[in-house]
Amino acid sequence: MRRQIGYHMYSATETIERAKSRIGETKYNLAFNNCEHFALWCKTGLTESIQVEDFFKRLLTGYAGSYENLEEMLYRA
């Protein structure tokens, strides 16, 4: 949630109901509708993925780090 401000933080009960409302949905997309998008949407209504944004930023800026940097990027907490 780097860019977004003014979002609503749903209660635990509301978050669960929002998640249940999407049971059976078949619109999964790694870049535009993945588990991070889903979890953030359930809790806040926002649909973004910091992991996907970071990946595309590195891809578009010609990320050329070493193997160790790539490993760190993939496995960081």
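Read-outs throughout are calculated quantities, based only on the coordinates presented, and are distinct from any laboratory measurement. Only a predicted model underlies this, so the values are computations on that prediction, with no experimental measurement involved. Note that each Cβ is placed from the backbone with ideal geometry, even for glycine, and that neighbours are counted across all protein chains shown.
Listed values, structure above:
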item: Test: residue in region 35-49 that is of a type in the set (Phe, Trp, Tyr) and outside any loop (DSSP other than H, G, I, E, B); result: yes
item: Hits in region 3-32 (condition: among the acidic types (Asp, Glu) and surrounded by 10 or more Cβ atoms within 10 Å (Cβ to Cβ)); result: Glu14, Glu17
item: Residue match in region 52-67 (condition: assigned to a helix (DSSP H, G or I), touching an Asp or Glu at 6+ places or on another chain (Cβ under 9 Å) and in contact (Cβ under 8 Å) with a residue 40 or more places away in the chain); result: no
item: Region 26-43 residues that are under 18 Å from Tyr7 (Cβ atoms), paired with ones that are part of a helix (DSSP H, G or I) and of a type in the set (Lys, Arg) (beta carbon under 7 Å, 6 or more apart); result: Cys42/Arg18
